[in-house]
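What follows is a set of notes on a single structure, which appears directly below.
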Amino acid sequence: MIMFWKPSPSGSDAVYIQICRHYEEQIRSGLLPPGSKLPAERDLALRLAVNRSTVQAAYGELRALGLVQSRPGSGTSVSDSMWEQGERQPDWIRYLSRRYNPSSRLQEAVNEAPREGVIDLTQGELHRSLMPLELMERLSGELDWSRPFSYRDDPQGDCGLREALASHPRIGPSLAAKPDELLLTGGVKHSLGLIARAMLEPGDAVAVEGPSYLYAMGVFAAAGIYMVRLPVDKEGLTPEAIPELYRRHRIRLVVTNPTFQNPTGSTLSLARRLQLLAICTELRLPIIEDDPYSLLGRPGWTALPSLRSLPGGRERVLSCGTFSKIATPGMRTGWIAAPRALMAALMAARHASGLTTSHPGERLGAALLGSGQFDTRLETVRAALERRRQAAAEAAAASLAPHAAIQAALPEGGFYIWLKHGLARSGLEVLQECMEQGVAVSPGELYGERPGWMRISVATAEEDMIAEGIRRAAAALERLAGKECHRNKNNRGRREDRG
C-alpha cells in the first residue's frame, strides 16, 4: 500500500494520536480488512519521519481498542475478531486526548523497564530485605481484631495511630500536632489530592519545586491546577523567587519536599526554611510539606527541624507523611498534620474520595510504632541506605566521568541521587540505551526537568548490584556520547560542503 498521508506536527492532537486515528478510520471503513498487516514499526517511522517510539505508542492505542493484534515474529495486523465488536463504541481516544492523562510514553517505558537481567535503579521503594515483614506478621497476629471497624467511630482515622504518631519520639516533634490535628490518608499522593480538593479550584496556581515529585505534578494537573516552577539547588528551593511568582500568577500555596527531595536528594537549609516561612507569612500563603524521607538520614545525621515545627509553622504548614517509605510500599497509610481550621474541609474531601481509609492497616501502623523493634529496624535501614549511596558514589566517580556527575554533594539520606549527563538526547533515548546495557534509570524529563539529567534510586536493587548498574549506565552514556559526536561531525562536514 502506498503511503500518501502524513501526520501534522502542528496539529491539535499528538502525532501518535493522529496515526492511531488514521489507521482506525481505515480499519473501520473496511480499507484494511481483518488479517491485513500493518507496516513494521521501523518502516512506518521512516515513511512518516517520526520516532519509532511514536509508532509504538500509536500501535499500542490500536491494540487497546482491540483493532489490531501483535505477535512476536509476525508483526502487527488487523484483529480477526474486530467486526464482532460493532461500530458504535465510544471514541475512547477522543476522551483520553482531551483530558489530563498521567501516562506518557516515557513513563510507560520506565514502568515496563524492570525485567529479568535488568538492574532496576528506578523504583522509590525499599528492597525486600529492608522491609520489616516478619515484625509486621508477628504484630498482626498479636492484634485484637474483635473490635469492629467503622468510619463513624474514628472519622479522622484510627485514634490509636494518631496518638502513636503524635507521641512518637522521632515522628511527633516534626509533626508538631495533637491527635485531633491529624487526618489519616492512603499515603502522600492521596494526601495531596485531598488538599487540592479541599483548598483549591480548577485554574488556581501553586508553586512546586522544579524538578519535582512526578506524582505530585500528576495530582495537581488532574485537578486542573496550574503549576509554576520554583528553582531547586543544593540547598533546596529558592524562597526569594516566591514573591514574584505570587505577583505574576497569584499562587495559592507552596509545595515543597524539604528533606532529601525527590528527585534531587537536596535538603532545604535551616536558613531557607526560616526564609520560606517568613515570606509565606507575609503573603499569607499556606505551605504543603511533603515529608516522606526525613527519617531516612544516614546514621549520625542530625535532622533539621520540620517546617511545621518552626515558629509560626503550625498555623500555616500542612505536613504529609507515609509508612510506604519506612515500612513497605504496599502499606498505603499516610497522614496530614494540619491546622484545626482546615480539618473539617479535609475530612469532607476524604469522605468524598472514598469514605474512609484502611482501618486494619492503621491499627497495624499503631502497633508497628509502638513496638520497640521499629526504631531498631529503622537504624538498620538507615545504615543500609548509606552503604548503598556510598557504593553508588564510588562507582559514579570511577566510571561516569566525564559523561555524568552527581550534582552538589552526595545526599545525606533518602533514596535518590541526581545526575547530570548533559547529552542532548531525549529521556526515551537515554532509557532505551541504558536498557540495552542492562540497567533501568529515570530520565529527568519525568520530573519536569529538561533533557540531560537522570535520577538513580539506591533503594530497590540488590545492594551488590548498584555499582554494576552505575557502570552499565556509564557504558550507555558513553555510547550515546559517541553517537552525538559522530552526528555533530557529520553536521559540520555538511555545513563546510555547502560553504
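The values are calculated or read from the model by the stated rules, or taken from the named source; none is laboratory data. As the structure is a prediction and not an experimental result, all values here were calculated from the model. Neighbour counts are summed over all protein chains in view; Cβ atoms, including those assigned to glycine, are modelled from backbone coordinates with ideal geometry.
Could you say which residue among Val439, Val430, Val458 is farther than 30 Å from Met227 by Cα and in contact (Cβ under 8 Å) with a residue 12 or more places away in the chain?
It is Val439.
So which residues in segment 295-333 are assigned to a strand (DSSP E or B) and within 23 Å of Ala384 (Cβ to Cβ)?
Gly297, Gly321, Thr322
Just one of Ser442, Ser457, Ser371 is under 27 Å from Pro299 (Cβ atoms), of a type in the set (Gly, Ala, Ser) and touching a Lys or Arg at 6+ places or on another chain (Cβ under 6 Å); which is it?
The match here is Ser442.
Determine whether segment 470-481 contains at least one residue that is free of Cβ contacts under 8 Å to residues at least 60 places away in the same chain, under 16 Å from the mean Cα position of the chain (by Cα) and not in a loop (DSSP other than H, G, I, E, B).
no
Being at pLDDT 75 or above and surrounded by fewer than 11 Cβ atoms within 10 Å (Cβ to Cβ) is true for just one of Gly73, Gly11, Gly86. Which residue is that?
Just a single option satisfies the conditions, and that option is Gly73.
Tell me the helices (runs of 4 or more DSSP H) entirely within segment 176-290 that contain at least 2 residues that are free of Cβ contacts under 8 Å to residues at least 40 places away in the same chain and aliphatic (A, V, I, L, M).
Of the helices (runs of 4 or more DSSP H) lying wholly inside segment 176-290, those with at least 2 residues that are free of Cβ contacts under 8 Å to residues at least 40 places away in the same chain and aliphatic (A, V, I, L, M) span 270-283.
Starting from residues that are of a type in the set (Gly, Ala, Ser) and buried (at least 19 other Cβ atoms within 10 Å of the Cβ), keep the ones in segment 322-348 and report whichever is farthest from Ala223 (Cα to Cα).
Taking the candidates together, the pick is Ala327.
So in segment 413-434, with the set limited to residues that are at pLDDT 95 or above and not in a strand (DSSP E or B), which one is nearest to Ala303 (Cα to Cα)?
Gly414
Looking only at segment 389-403, filter to residues that are touching a helix residue (DSSP H, G or I) at 6+ places or on another chain (Cβ under 6 Å) and either acidic (Asp, Glu) or part of a loop (DSSP other than H, G, I, E, B) (or both); which one of those is nearest to Asp464 (Cα to Cα)?
So, considering only residues that are touching a helix residue (DSSP H, G or I) at 6+ places or on another chain (Cβ under 6 Å) and either acidic (Asp, Glu) or part of a loop (DSSP other than H, G, I, E, B) (or both), the one nearest to Asp464 (Cα to Cα) is Leu400.
Look at segment 246-284 and say how many of its residues are under 18 Å from Leu200 (Cα atoms) and buried (at least 19 other Cβ atoms within 10 Å of the Cβ).
7
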